[in-house]
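Trainee: One structure is given below, represented as structure tokens, and several questions about it will come after.
The values are calculated or read from the model by the stated rules, or taken from the named source; none is laboratory data. What you are looking at is a predicted structure, and each value in this text was computed from that prediction instead of being measured. Note that each Cβ is placed from the backbone with ideal geometry, even for glycine, and that neighbours are counted across all protein chains shown.
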2 protein chains.
Amino acid sequence: MNLVASPARLSTASSTFEAEFKARLHWSAQDDAAIEQRVAGILADVRERGDAAVLEYTNRFDGLGAASMQALELTQSELKAAFESLPAAQRDALQAAAARVRSYHEAQKKANGESWSYRDEDGTLLGQKVTPLDRVGIYVPGGKAAYPSSVLMNAIPAHVAGVGEIIMVVPTPQGAKNPLVLAAAFVAGVTRAFTIGGAQAVAALAYGTQSMAGVDKITGPGNAYVAAAKRRAFGTVGIDMIAGPSEILVLADGSTPADWVAMDLFSQAEHDELAQSILLCPDAAYIDAVQREIDRLLPEMPRQEIIAKSLTGRGALIHTRSMEEACTLSNRIAPEHLEVSSREPHRWEPLLKHAGAIFLGAYTSESLGDYCAGPNHVLPTSGTARFSSPLGVYDFQKRSSLIEVSEAGAQILGKIAAELAYGEGLQAHARAAEMRLK
Amino acid sequence: MNLVASPARLSTASSTFEAEFKARLHWSAQDDAAIEQRVAGILADVRERGDAAVLEYTNRFDGLGAASMQALELTQSELKAAFESLPAAQRDALQAAAARVRSYHEAQKKANGESWSYRDEDGTLLGQKVTPLDRVGIYVPGGKAAYPSSVLMNAIPAHVAGVGEIIMVVPTPQGAKNPLVLAAAFVAGVTRAFTIGGAQAVAALAYGTQSMAGVDKITGPGNAYVAAAKRRAFGTVGIDMIAGPSEILVLADGSTPADWVAMDLFSQAEHDELAQSILLCPDAAYIDAVQREIDRLLPEMPRQEIIAKSLTGRGALIHTRSMEEACTLSNRIAPEHLEVSSREPHRWEPLLKHAGAIFLGAYTSESLGDYCAGPNHVLPTSGTARFSSPLGVYDFQKRSSLIEVSEAGAQILGKIAAELAYGEGLQAHARAAEMRLK
């Protein structure tokens with residue numbers, strides 16, 4: 001087998017660039033009516049029958065023979081035992097990663113997540129109270145894409161926010177439990193954990209069952225069924241984003257060893273054939289060098305088939321006129337992961353408006369951020385960084401406005417409010433304000 | 001006509017309370033398959049044909065005879081003229097309200113919406129960059145429910161966030177323009193405004209047309225078609241919440257004049273027959289007094305029919321054992337508006353976990369908050385305050401993580417990341433980290 005990874009070679013100077021660029025970027029989720037209908041049925045059934053329905057679907061879809069929901073709950077001692085069964089190096093790495101993720105999210109809470117208030121000159125108090133959600137659900141995929149790091153990235157910000165109860169669900173097809181996932185749940189401080197998955201797990205979290213109280217928000221990635229179930233449950237509960245394929249964009253000035261950049265492109269491509277790796281660089285010779293490293297390194301990679309398909313199908317090496325132009329193009333893409341692989345990352349960072357996470361300088365490989373630098377690895381995909389943000393403490397908090405109008409303040413505000421309320425034809429609003437006038 | 005407003009009288013001491021309480025609270029949006037299908041068709045058509053489709057739908061649904069999209073754009077001088085045509089008292093009230101709303105949202109941005117970063121002991125930089133959205137769309141309903149205050153409440157936080165372009169859409173059925181809405185757009189500093197509405201307006205904002213660039217996020221309330229269109233456009237663009245009927249909960253210790261509380265209950269009920277007004281109070285005699293004031297004041301209200309239907313159909317006066325129990329019940333309801341009509345509002349406030357906005361003390365009528373106290377009046381409804389927040393500056397900002405790992409930091413983080421990446425079977429991730437090791 002002689003695999004080839006051939007990302008598209010584009011140049012912004014070409015007259016066909018715009019069309020080629022758009023064609024490469026395009027990705028859209030397929031709406032699947034059959035999945036939608038099955039998911040709607042499962043949600044309604046779990047809402048109606050609770051535990052019994054969850055148990056039936058779980059036994060059927062995951063090939064289990066559990067007798068009750070209780071048999072599907074993982075005890076704290078089981079989670080602890082999983083942690084203790086790991087090699088010391090893995091235990092240490094998990095704990096070190098958890099500590100860094102925790103400390104970053106604590107800084108985030110302090111910077112952007114505290115209550116505040118002030119009084120104006122009339123003695124009127126205005127502010128906002130920031131409080132944690134009571135109870136959240138974390139969906140963790142089972143099987144191939146079971147990532148313990150995702151357990152940390154979802155549970156730790158919830159913990160730091162002060163969420164009272166964190167319920168993890170993770171399917172165990174054919175009963176296979178992933179000890180790293182269970183260990184991560186132990187390290188992250190998950191409150192309860194169930195070996196259930198799919199739409200039935202989302203339904204149990206959203207509506208609650210006899211053995212599980214319903215949650216206020218569900219986060220975490222999943223397959224098409226899970227995504228459809230989350231979308232439908234939205235409104236009953238909050239949800240995080242619906243994630244598309246993962247992406248990396250490397251903005252290179254040519255100063256980083258080409259094999260580092262090639263491996264960074266691989267590290268995205270190895271996730272999934274639909275993952276997207278893009279290099280933007282004003283130096284054509286450097287782009288050639290990266291392609292040579294891609295060719296050289298590919299045969300060493302255990303996941304070379306996925307990498308080759310992803311890079312050939314969706315990857316691109318784009319020659320730009322300048323770093324400035326590369327920054328402009330990056331803003332159009334609004335990538336999930338953006339590496340600024342440059343000697344002068346702080347020169348370019350201010351030009352970068354839209355990205356889930358920005359990795360500055362040659363030493364900051366995306367994979368360090370994926371696991372342990374501290375910031376969250378759950379990031380907006382498919383250009384949604386234009387309007388959305390990394391998962392964070394703020395996703396596990398909500399705000400309530402605080403208003404205490406003083407008697408003096410009511411005299412001024414009452415007249416303004418009454419004037420506008422009459423203008424809108426809402427007389428009770430106006431009268432309520434006027435009643436507070438002396 | 002002899003209208004009666006008879007909110008349900010419940011008591012937490014009754015054995016039937018739990019069932020009655022749940023039945024009263026229950027509200028759920030109807031999924032309407034016919035609306036869904038029509039909206040899907042309109043969205044696809046506007047995406048395909050742009051201006052031509054928007055123009056056709058607008059002329060058809062709003063009874064207009066516009067020749068081009070250009071004829072549907074409101075110029076800045078038209079907005080200004082609308083403002084100047086208003087009586088001085090209305091002009092002053094609009095400007096005073098706008099100034100207070102602006103100043104509150106500036107405080108909000110300062111408290112919770114600034115970029116931050118720190119360096120750890122290895123010199124690794126971690127942080128988050130907070131940036132405004134480039135372009136947002138604000139949907140303003142036309143006709144009966146045209147609220148100029150909503151223009152302020154949507155546009156001003158976007159402005160304070162630093163959004164580059166704010167596009168307002170407002171339908172004008174039969175060509176009737178609401179001068180207060182146009183004036184509010186002028187005062188709030190809307191960039192462009194179009195007299196289009198419905199699903200076609202949402203589609204134009206989401207996908208862009210020949211004469212309107214697509215936006216990054218759409219906020220603002222609308223009818224069932226607008227809500228369905230926003231839900232479908234979600235993912236292509238961000239959206240704010242999908243609002244249900246408005247609600248007020250008054251927590252009273254009996255110290256506020258009973259007519260004030262009756263009028264506050266009216267001010268919610270007059271919005272809509274589905275609106276919900278609830279009083280929680282440990283003092284049965286006070287509840288009687290409020291009911292007497294309801295009976296006395298109702299005939300004076302121009303919107304008495306709506307008020308009577310809303311209070312009788314969905315309202316409740318609930319006798320609780322104590323203020324503490326009232327707080328617990330309030331948390332279960334998670335109301336949109338929560339008035340703490342008490343002599344000791346700061347005694348109860350810490351017990352209140354879930355609410356869109358909390359109005360403290362007898363002078364703080366909800367209507368003051370609706371118009372001009374400063375905080376936003378776009379608030380989570382139907383119990384979603386359990387997991388969501390008032391519209392705010394943060395809805396018009398997004399965050400990008402910043403990571404700059406130092407050479408020294410990469411030596412430590414690289415080992416942790418590689419250990420975990422190998423554990424997850426992602427070798428390129430591991431190798432990318434290892435390449436940075438000396």
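Trainee: Answer yes or no: is there a residue in region B:181-189 that is surrounded by fewer than 19 Cβ atoms within 10 Å (Cβ to Cβ) and within 30 Å of residue A:373 (Cβ to Cβ).
Mentor: Scanning region B:181-189, I find no residue that is surrounded by fewer than 19 Cβ atoms within 10 Å (Cβ to Cβ) and within 30 Å of residue A:373 (Cβ to Cβ), so the answer is no.
Trainee: Taking the stated definitions as given, is residue A:287 among the β-branched types (Val, Ile, Thr) and either touching a helix residue (DSSP H, G or I) at 6+ places or on another chain (Cβ under 7 Å) or modelled with pLDDT under 95 (or both)? Break it down into steps so the answer makes sense when it comes.
Mentor: Values: among the β-branched types (Val, Ile, Thr): yes; either touching a helix residue (DSSP H, G or I) at 6+ places or on another chain (Cβ under 7 Å) or modelled with pLDDT under 95 (or both): no.
No.
Residues checked against (1) closer than 22 Å to residue B:235 by Cβ; (2) modelled with pLDDT under 95; (3) of a type in the set (A, V, I, L, M, F, W, C); (4) outside the structural domain of residue A:335 (by TED's automatic domain parsing):
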position: A:135; (1), (2), (3), (4): no, no, no, yes
position: A:143; (1), (2), (3), (4): no, yes, no, yes
position: A:152; (1), (2), (3), (4): no, no, yes, yes
position: A:161; (1), (2), (3), (4): no, no, yes, yes
position: A:171; (1), (2), (3), (4): no, no, no, yes
position: A:220; (1), (2), (3), (4): yes, yes, no, yes
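Trainee: Quick check on my filter: what residues within region A:146-181 are more than 13 Å from chain B (Cβ to nearest Cβ) and assigned to a helix (DSSP H, G or I)?
Mentor: Scanning region A:146-181 gives A:154, A:155, A:156, A:159, A:160, A:173, A:174, A:175.
Trainee: Give just the number: which of (1) in contact with a Phe, Trp or Tyr (Cβ under 7 Å, 6 or more places away or on another chain); (2) in a helix (DSSP H, G or I) does residue B:294 not satisfy?
Mentor: With (1) in contact with a Phe, Trp or Tyr (Cβ under 7 Å, 6 or more places away or on another chain); (2) in a helix (DSSP H, G or I) applied to residue B:294, the lone miss is (1).
Trainee: For a quick check of your reading: which strands (runs of 3 or more DSSP E) sit entirely within region A:73-145 and have at least 1 residues that are of a type in the set (Gly, Ala, Ser) and buried (at least 19 other Cβ atoms within 10 Å of the Cβ)?
Mentor: Numbers: elements: A:116-119, A:125-132, A:135-139.
Counting at least 1 such residues, we get A:125-132, A:135-139.
Trainee: Can you give me the number of residues within region B:371-413 that are at the interface with another protein chain (Cβ under 7 Å from one of its Cβ atoms), touching a helix residue (DSSP H, G or I) at 6+ places or on another chain (Cβ under 6 Å) and not in a loop (DSSP other than H, G, I, E, B)?
Mentor: 3
Trainee: Determine which single condition residue B:66 fails, assuming it passes every other condition in (1) more than 30 Å from residue B:189 (Cβ to Cβ); (2) not in a helix (DSSP H, G or I).
Mentor: Failed condition: (1).
Trainee: Let me ask something else about it. Looking at B:417, B:326, B:421 in this structure, which one is surrounded by 24 or more Cβ atoms within 10 Å (Cβ to Cβ), assigned by TED's automatic domain parsing to the domain that holds residue B:266 and not basic (Lys, Arg)? Break it down into steps so the answer makes sense when it comes.
Mentor: Numbers: B:417 fails: assigned by TED's automatic domain parsing to the domain that holds residue B:266; B:421 fails: assigned by TED's automatic domain parsing to the domain that holds residue B:266.
Every option except B:326 fails the conditions.
Trainee: Go through region B:177-225 and report how many residues are within 14 Å of residue B:78 (Cβ to Cβ), in contact with a helix residue (DSSP H, G or I) (Cβ under 7 Å, 6 or more places away or on another chain) and among the polar types (S, T, N, Q).
Mentor: Residues that pass the stated criteria total 1.
Trainee: In region B:353-380, how many residues are farther than 21 Å from residue B:263 by Cβ and either of a type in the set (Lys, Arg) or touching a residue at least 60 places away in the same chain (Cβ under 8 Å) (or both)?
Mentor: The number of residues fulfilling the criteria is 5.
Trainee: Which of the numbered conditions does residue A:364 fail, given that it passes all the others? Conditions: (1) in a loop (DSSP other than H, G, I, E, B); (2) touching a Lys or Arg at 6+ places or on another chain (Cβ under 6 Å); (3) within 7 Å of chain B (Cβ to nearest Cβ).
Mentor: Among (1) in a loop (DSSP other than H, G, I, E, B); (2) touching a Lys or Arg at 6+ places or on another chain (Cβ under 6 Å); (3) within 7 Å of chain B (Cβ to nearest Cβ), the lone unmet condition for residue A:364 is (2).
Trainee: Hey, could you check region A:84-123 for residues that are of a type in the set (A, V, I, L, M, F, W, C) and out of contact with any helix residue (DSSP H, G or I) (no Cβ under 7 Å at 6 or more places or on another chain) and say which is nearest to the other protein chains (Cβ to nearest Cβ)? Reasoning before the result, please.
Mentor: Within region A:84-123, the subset of a type in the set (A, V, I, L, M, F, W, C) is A:86, A:88-89, A:93-94, A:96-99, A:101, A:107, A:111, A:116.
Add one more test, that the residue is out of contact with any helix residue (DSSP H, G or I) (no Cβ under 7 Å at 6 or more places or on another chain), and what stays is A:88, A:99, A:107, A:111.
Numbers: A:88: 10, A:99: 10, A:107: 6, A:111: 4 Å.
Out of the qualifying residues, it is A:111.
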